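Let me begin by presenting the structure, written as structure tokens, before commenting on it.
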Protein chains: 4
Amino acid sequence: MPETIRAAVMTAPRAALEIRAFPAPRPAPGGAVLQTLLSEVCGTDVHLHHGRLAGVPYPIIPGHVSCGRVLETGGSLNDVEGRPITTGQLVTFYDVFGTCGACWHCLVARAATRCPHRRVYGITTSARDGVLGGWAERIEILPGVRLLPLPDGVDPLAFMGGGCGLGTGLHAVERAQVALGDTVVVQGSGPVGLNAAVFAALSGAASVLVIGAPAPRLAVAREMDVDETLDLADAPAPADRVVWVRARTAGRGADAVIEATGNPQAVPEGLEMLRDAGRYVIVGQYTDAGDATINPHRHVNRRHATVLGCWGYEFTHFHRAIALLARHDRRLGWRRLVSRQYPLDRAGEALAAMAALEVVKAVFRP
Amino acid sequence: MPETIRAAVMTAPRAALEIRAFPAPRPAPGGAVLQTLLSEVCGTDVHLHHGRLAGVPYPIIPGHVSCGRVLETGGSLNDVEGRPITTGQLVTFYDVFGTCGACWHCLVARAATRCPHRRVYGITTSARDGVLGGWAERIEILPGVRLLPLPDGVDPLAFMGGGCGLGTGLHAVERAQVALGDTVVVQGSGPVGLNAAVFAALSGAASVLVIGAPAPRLAVAREMDVDETLDLADAPAPADRVVWVRARTAGRGADAVIEATGNPQAVPEGLEMLRDAGRYVIVGQYTDAGDATINPHRHVNRRHATVLGCWGYEFTHFHRAIALLARHDRRLGWRRLVSRQYPLDRAGEALAAMAALEVVKAVFRP
Amino acid sequence: MPETIRAAVMTAPRAALEIRAFPAPRPAPGGAVLQTLLSEVCGTDVHLHHGRLAGVPYPIIPGHVSCGRVLETGGSLNDVEGRPITTGQLVTFYDVFGTCGACWHCLVARAATRCPHRRVYGITTSARDGVLGGWAERIEILPGVRLLPLPDGVDPLAFMGGGCGLGTGLHAVERAQVALGDTVVVQGSGPVGLNAAVFAALSGAASVLVIGAPAPRLAVAREMDVDETLDLADAPAPADRVVWVRARTAGRGADAVIEATGNPQAVPEGLEMLRDAGRYVIVGQYTDAGDATINPHRHVNRRHATVLGCWGYEFTHFHRAIALLARHDRRLGWRRLVSRQYPLDRAGEALAAMAALEVVKAVFRP
Amino acid sequence: MPETIRAAVMTAPRAALEIRAFPAPRPAPGGAVLQTLLSEVCGTDVHLHHGRLAGVPYPIIPGHVSCGRVLETGGSLNDVEGRPITTGQLVTFYDVFGTCGACWHCLVARAATRCPHRRVYGITTSARDGVLGGWAERIEILPGVRLLPLPDGVDPLAFMGGGCGLGTGLHAVERAQVALGDTVVVQGSGPVGLNAAVFAALSGAASVLVIGAPAPRLAVAREMDVDETLDLADAPAPADRVVWVRARTAGRGADAVIEATGNPQAVPEGLEMLRDAGRYVIVGQYTDAGDATINPHRHVNRRHATVLGCWGYEFTHFHRAIALLARHDRRLGWRRLVSRQYPLDRAGEALAAMAALEVVKAVFRP
């Protein structure tokens, strides 16, 4: 084995990415080391680079969802089904760890994504503590981090096309309580929006509508079983977008609307798209992008609306999303979300392409 | 029987109430006539007088929740339990009628309170169409309107203390999904807020906190099993009220917060009082009192909050609330919510007292 | 118009079907008359012929789910979306009517399928009261019966392939609370079982398994996106069928199991197929086919199981199922459930084929 | 500190209890030692003595729910609210531990009470492994076991009156989805049944009915806010008990029925007491006491019933139950459930009294 490995390091907000050498990680008992196959660039990485998240322990090695082959394990490990994890196996891992199982949020509220001890690979892990991010030749899997084998036949690029959008999108759709036959609108056509649209369709929606930009992302949506899309370029006024939705819902508005834009102004707009007694999920406001003005009477109270925030995802969401990817990828083709692949030393370029919306999703192949 | 009866008529917004004579109503087949015993003055009546509701067919006879004795029925009638309604019986009735059972909202969404055909006694019924409001010596019960006998032993004044707050408060608490042991905050100490607080306690909350004014309303809350109250006069700054809630919830915020104020600014304030993954019910924005500014990231998305509008109430809520009143009134004493009783010809005075918050609830005894 | 029309009449249990002439129906105000295009033969019709349902007002014209063209309406009618119903339009109708909207079950429990006033075309309607069943050249649509236009492009034979299984199957799947990624087992491969399997897949199950017979029905299941089937002929012992399910669920049992067999012995068998904390839906016990022995400790209490009866379906289920048929029929092909088409005068033959399981579904083309 | 402590040991099924000396336990890091104040005798202890549970590692020190004072901690410990645990503090602890947080049931199904790694003090802990049961002068609290301070003012005897029935009863009521205004029947008047009845009332039931024996237990029920009770001695025939329930529910049956008897025959009986579309919870079948015969058509399918098994309880249930005990004990008086107190060396006598139903609950005061 080599004595060092290379990783892309974000040393501080707005600083250029650096390629640094790290001692090759070795597994702690109950842990493992992966040979990275692919790691994603997602909107969160852009936020990290813009310094928009609080409490990030720079320098960090970004890359929260990744896949790779098991190089070495610290003793025998099993997956959640009880099957042994073997060397050479193609796996991903649930990027969230450290959820304590002992605090009020974990034990009383059973709201695990709000445990204050929760940590996330590539976001709240410092490069000082190890190779705990995917933009690296190898990744250290700490004890307690949950490995998930990719099911047989799943194309790693298709998996990465889903990436962190798998768990986030599925969780958002779960929150939306999609009923069989519903019409679901998704605001936003980034990776989270596209995955939410796909899972809404898989949940039994009779019609899924996506509003977003630019056009290539909407083309991907239509290829992945979305019924209709609206390009922001074709309807720059919010009121026109509301009219577009109402024209497709007998004037009533949609049964569920999922916000996945990152823009606070999407919230009042999306509430206007919602039918009375409908459900509105806010999943796109991962960072504080500012306030929004709503009318509590018209948007919520008289509308008898249910508005649901959706934070992070739990292991179950990630696990279930992968099971559905395995079942439906042949028909839906998540691979098409991966616009470009980069080597590690072009990390800055990959981030810039993501920030400019030139790609749906970029991945590293270190 | 007399040939005419008297009723208080609101002829137009802001106009003085008038006492007018109407032909004594006679029941249509399937309908009934009540001799009014008591009818309420509630916040909606103040809104009606201020012209704050759209589509009101003035002139109207206000008074949506009332009780009285059955004078005459148009053939045999049964209550919902299948028992016959008899002359002389003390009853109330579900003030909402005309829900069509045939539209998309009724049949597909099963969202009966959003049926566009829904009508309400004393609000969307014109005095031109009959004595369809409670501020009158008699009330015409149209065919299809649901009579509910007051259970044996229920004091009519206690029932009126609950009034329309019974169904509204219980529906709000149902929306709040109160779990056994929860801490529930109610913003607002009007009739809806007080009833919501009572039903939150009856739902198994371990702690119910009410924030409102003026002091006599808060005293009533404490007499009705509310654990602690905060007077707006003692904490005029919203931030201090948030601190007060957090101090009583280990710093986390409440499991559920119910807004019952009518003030849009209560919404962002209440969201700050909510724990992560908590539930926030908006029931107090019955009219459009303006916009509110929220932070979608902090208030909803990261908080994993569930925000629930609550519009009107269904028969089931009113029926269940009366069953609980019958069980708990001896201990809780809804009677204390009735601050003053008025004869019909002092309708203007009663409205003014309600508008000035001089009373918790005023009732007419026509 | 002709003065009489022909209908197949079931005069009494076990009696041969008769073709009788009836006066051509005319619409009452708010009603309509359909020219029958297709009407189904379903398992209930076999039960009716065997006298297994209580309270059936023989003679009856069977046929509860049908489609046809609007011949005449009693004034202007709208569908649930508010669009006018026009002469010549291809429609079906919700076969349940008379739900009162006034009883305890309707108003307090909101359990509409248990309203004691509920009636069903072709089952609880007597031929003495009109042409109120689909095995007839025309069908009288009573006022209050809900017409549903078949969406553009829906093949009437595909719709009939679903037939009453559409609403029943969708309701069963709604009860099963299928989560994204679940494994769902369906016991039984009749029309209800097959539709339940299809809707389970459309609800986001990652794996749907059907256990039934005979082989042609299982072949249909596999053609309609069911993952695997088990033929009772290949596993005649219940324990082997349980083993088959456990082998496909890491030994745990399925997340949800839907019983659609009509055989009480399926219940303990299905409970053995269920994972801990799973959901078991009983929808196949439409008539009393006898008792079953369960072990309350092992099957329910320790298993932390949820067992859900499912009776009938509401308008919303039928409406939603048709919307999903319209979206997915091109891919799934409900048409293949229709094994044979019969003219009216071969009603006895059609019933016999259904009773002998020679067909998945037979339809009349009167 | 003494070098040894005394504990009552159940060496094998049916064997006489023995008092043995054990080395005085010392806390591991993250653990603690309690000076036992009180420990309960419950139905499970009778089952343990009768050898009715599988996999019990005899010899055991029984006593799963207990309270005591903190003697010593292995480093600093906090409660779930983040407050430090201090020496001398009066605490109880959640008797379940070892739930792995890593298996399919924990992570995917989020069904923590079905984790196969779950262990329980006094039931699945061997006396060979330490003083891991409450029938002892001291109790070793292993690392990871959750301590809960008894709230100020809670009488330890009242807490023990609830005992393990607190969490079990609250969990059963949570499963029953009690709606405000419901009528709830509890079958069984042992500690679980009585606590379920109390929590049903606290959840907002308008009427709670308990069917059980012997008379003193029913008297306790009525003193604790239960509306009516039926003594099995007064209605030895199941059909008469069903009639009694139907007479109190307008002939419909109860909205929810909770089985807490331990007798499989209670299941078909209880299903007959249930209204259409009601909920039936099976919580009393903690051991395999045999089969029951139900009619799937009549009891479940046509009834549109929901039948819910309820296994164990989670920390949240225990925590919430204690919060409610603190709020309501002054009014309800859980203390009255403790019929007798025993010293440790009369363990056999206590067990015999419990088995003979001579006591509602017996406690040890070691």
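The values are calculated or read from the model by the stated rules, or taken from the named source; none is laboratory data. Only a predicted model underlies this, so the values are computations on that prediction, with no experimental measurement involved. Glycine also receives a Cβ, built like all others from the backbone with ideal geometry; neighbour counts cover every protein chain displayed.
So that you can scan it fast, the table gives a plain yes or no per residue for (1) on the phi > 0 side of the Ramachandran plot; (2) touching a Lys or Arg at 6+ places or on another chain (Cβ under 7 Å); (3) of a type outside the set (V, I, T):
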| residue | (1), (2), (3) |
| --- | --- |
| D:L170 | no, yes, yes |
| D:V178 | no, no, no |
| D:G188 | yes, no, yes |
| D:P191 | no, yes, yes |
| D:V198 | no, no, no |
| D:S203 | no, no, yes |
| D:L209 | no, yes, yes |
| D:P214 | no, no, yes |
| D:L218 | no, no, yes |
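Quick check on the stretch B:78-125: of everything there that is polar (S, T, N, Q) and at pLDDT below 95, which residue is nearest to B:Y286 (Cα to Cα)?
Keep residues of the stretch B:78-125 that are polar (S, T, N, Q), which gives B:78, B:86-87, B:89, B:92, B:99, B:113, B:124-125.
Remaining after also requiring at pLDDT below 95: B:99, B:113.
On the way: B:T99: 19, B:T113: 13 Å.
Checked the stretch B:78-125; the qualifying residue nearest to B:Y286 (Cα to Cα) is B:T113.
Any residue in the stretch D:60-83 that is basic (K, R) and either over 12 Å from D:L37 (Cα atoms) or touching a Ser or Thr at 6+ places or on another chain (Cβ under 6 Å) (or both)? So far as the stretch D:60-83 goes, yes, one or more of its residues are basic (K, R) and either over 12 Å from D:L37 (Cα atoms) or touching a Ser or Thr at 6+ places or on another chain (Cβ under 6 Å) (or both).
Restricting the first member to the stretch C:71-86 and to residues that are closer than 18 Å to C:R138 by Cα, and the second to residues that are part of a loop (DSSP other than H, G, I, E, B) and of a type in the set (D, E), the beta-carbon pairs closer than 8 Å and six or more apart or on different chains are C:I85/C:D79. Selection within the stretch C:281-301: residues that are in a loop (DSSP other than H, G, I, E, B) and in contact with an Asp or Glu (Cβ under 6 Å, 6 or more places away or on another chain). The member of this set that is farthest from D:C310 (Cα to Cα) is C:G284. Residues in the stretch A:1-53 that are out of contact with any strand residue (DSSP E or B) (no Cβ under 7 Å at 6 or more places or on another chain) and aliphatic (A, V, I, L, M): 7 in all.
Quick grid of which residues meet (1) charged (D, E, K, R); (2) crowded, with 24+ Cβ neighbours inside 10 Å; (3) under 18 Å from C:K361 (Cα atoms):
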{"site": "C:F159", "(1), (2), (3)": "no, yes, yes"}
{"site": "C:L166", "(1), (2), (3)": "no, yes, yes"}
{"site": "C:G169", "(1), (2), (3)": "no, yes, yes"}
{"site": "C:V184", "(1), (2), (3)": "no, yes, no"}
{"site": "C:G193", "(1), (2), (3)": "no, yes, yes"}
{"site": "C:P216", "(1), (2), (3)": "no, no, yes"}
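Considering each residue of the stretch C:352-363 in turn, none proves to be of a type in the set (K, R) and more than 26 Å from C:A219 (Cα to Cα).
Taking the stretch C:302-355 as the region of interest, how many residues are part of a helix (DSSP H, G or I) and more than 14 Å from chain A (Cβ to nearest Cβ)?
Narrowing the stretch C:302-355 to residues part of a helix (DSSP H, G or I): C:315-332, C:334-337, C:344-355.
Narrowing the set further to residues that are more than 14 Å from chain A (Cβ to nearest Cβ) leaves C:334-337, C:344-355.
The qualifying residues number 16.
B:R114 - would you say it is in contact with a helix residue (DSSP H, G or I) (Cβ under 6 Å, 6 or more places away or on another chain) and of a type in the set (K, R)? Write out each step before concluding.
Details: in contact with a helix residue (DSSP H, G or I) (Cβ under 6 Å, 6 or more places away or on another chain): yes; of a type in the set (K, R): yes.
Against the criterion (in contact with a helix residue (DSSP H, G or I) (Cβ under 6 Å, 6 or more places away or on another chain) and of a type in the set (K, R)), B:R114 qualifies.
Residues being surrounded by fewer than 23 Cβ atoms within 10 Å (Cβ to Cβ) and more than 7 Å from every other protein chain (Cβ to nearest Cβ): count how many of those fall in the stretch C:287-301. Count: 1.
Return yes when B:D95 is touching a strand residue (DSSP E or B) at 6+ places or on another chain (Cβ under 7 Å), acidic (D, E) and closer than 30 Å to C:D79 by Cα and no when it is not. Judged against the criteria, B:D95 is a match.
Determine whether A:H319 is of a type outside the set (A, V, I, L, M) and either within 25 Å of A:A213 (Cα to Cα) or touching a residue at least 40 places away in the same chain (Cβ under 8 Å) (or both). Yes; evaluated as a whole, the condition is true for this residue. Among the candidates A:V338, A:V360, the residue that is at pLDDT 95 or above, touching a helix residue (DSSP H, G or I) at 6+ places or on another chain (Cβ under 6 Å) and within 30 Å of D:V108 (Cβ to Cβ) is uniquely A:V338. With respect to B:L71, determine if the residue is crowded, with 22+ Cβ neighbours inside 10 Å, modelled with pLDDT of 95 or more and either outside any loop (DSSP other than H, G, I, E, B) or over 21 Å from the mean Cα position of the chain (by Cα) (or both). Taking the combined requirement at face value, the residue does not satisfy it. Among residues of the stretch A:160-180 that are within 15 Å of A:T44 (Cβ to Cβ), those with a Cβ under 7 angstrom from a residue that is at pLDDT below 95, sequence gap 6+ or separate chain, pair up as A:G163/A:C42; A:G163/A:K361; A:C164/A:C42; A:C164/A:H64. For the stretch A:117-140, a residue qualifies if it is within 20 Å of the chain's Cα centre (by Cα) and of a type outside the set (K, R), and the qualifying residues are A:V120, A:Y121, A:G122, A:I123, A:T124, A:T125, A:L132, A:G133, A:G134, A:W135, A:A136, A:I139. Have a look at B:R327, B:R320 and point out the one that is closer than 14 Å to B:A158 by Cα and crowded, with 18+ Cβ neighbours inside 10 Å. On inspection, the qualifying residue turns out to be B:R327. If you go through the stretch A:261-271 one residue at a time, do you hit one that is in contact with a Pro (Cβ under 8 Å, 6 or more places away or on another chain), over 15 Å from B:P268 (Cβ atoms) and surrounded by fewer than 24 Cβ atoms within 10 Å (Cβ to Cβ)? Within the stretch A:261-271, one or more residues are in contact with a Pro (Cβ under 8 Å, 6 or more places away or on another chain), over 15 Å from B:P268 (Cβ atoms) and surrounded by fewer than 24 Cβ atoms within 10 Å (Cβ to Cβ).
Among the residues of the stretch A:87-99, which ones are part of a loop (DSSP other than H, G, I, E, B), touching a residue at least 60 places away in the same chain (Cβ under 8 Å) and not polar (S, T, N, Q)? So that I can check it myself, show each step before the final result.
Let us first name the residues in the stretch A:87-99 that are part of a loop (DSSP other than H, G, I, E, B), namely A:87-89, A:94-95, A:98-99.
Filter again for touching a residue at least 60 places away in the same chain (Cβ under 8 Å), leaving A:89, A:94-95.
A:Y94, A:D95 - these are the residues of the stretch A:87-99 that are part of a loop (DSSP other than H, G, I, E, B), touching a residue at least 60 places away in the same chain (Cβ under 8 Å) and not polar (S, T, N, Q).
Conditions (1) assigned to a loop (DSSP other than H, G, I, E, B); (2) within 28 Å of A:D255 (Cβ to Cβ); (3) among the polar types (S, T, N, Q), marked per residue:
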residue	(1), (2), (3)
A:H117	yes, no, no
A:G122	yes, no, no
A:T125	yes, no, yes
A:G134	yes, no, no
A:M160	no, no, no
A:G167	no, yes, no
A:H171	no, yes, no
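Checking the stated criteria, B:R110 turns out to be under 30 Å from A:L180 (Cβ atoms), assigned to a loop (DSSP other than H, G, I, E, B) and within 14 Å of chain A (Cβ to nearest Cβ).
Among the residues of the stretch D:1-56, count how many are among the hydrophobic types (A, V, I, L, M, F, W, C) and touching a helix residue (DSSP H, G or I) at 6+ places or on another chain (Cβ under 8 Å). Qualifying residue count for the region: 15. For the stretch D:231-243, does any single residue satisfy the condition of being touching a residue at least 12 places away in the same chain (Cβ under 8 Å), within 14 Å of chain B (Cβ to nearest Cβ) and touching a helix residue (DSSP H, G or I) at 6+ places or on another chain (Cβ under 7 Å)? Scanning the stretch D:231-243 turns up no residue that is touching a residue at least 12 places away in the same chain (Cβ under 8 Å), within 14 Å of chain B (Cβ to nearest Cβ) and touching a helix residue (DSSP H, G or I) at 6+ places or on another chain (Cβ under 7 Å).
Yes or no: the stretch D:161-171 includes at least one residue that is of a type in the set (A, V, I, L, M), within 19 Å of D:L274 (Cα to Cα) and within 13 Å of chain B (Cβ to nearest Cβ). No: the stretch D:161-171 contains no residue that is of a type in the set (A, V, I, L, M), within 19 Å of D:L274 (Cα to Cα) and within 13 Å of chain B (Cβ to nearest Cβ). Residues in the stretch C:64-91 that are within 29 Å of C:A362 (Cβ to Cβ) and in contact with a Cys (Cβ under 8 Å, 6 or more places away or on another chain): C:H64, C:V65, C:L90, C:V91.
Determine if the stretch B:269-277 includes at least one residue that is within 14 Å of chain D (Cβ to nearest Cβ) and modelled with pLDDT of 95 or more.
Taking the stretch B:269-277 and keeping what is within 14 Å of chain D (Cβ to nearest Cβ), we get B:275, B:277.
Now narrow it down to the ones that are modelled with pLDDT of 95 or more: B:275, B:277.
So far as the stretch B:269-277 goes, yes, one or more of its residues are within 14 Å of chain D (Cβ to nearest Cβ) and modelled with pLDDT of 95 or more.
Look through the stretch A:244-286, keep the residues that are in contact (Cβ under 8 Å) with a residue 60 or more places away in the chain and charged (D, E, K, R), and return whichever of them is nearest to B:V300 (Cα to Cα). Across the stretch A:244-286, the extreme among qualifying residues is A:E259.
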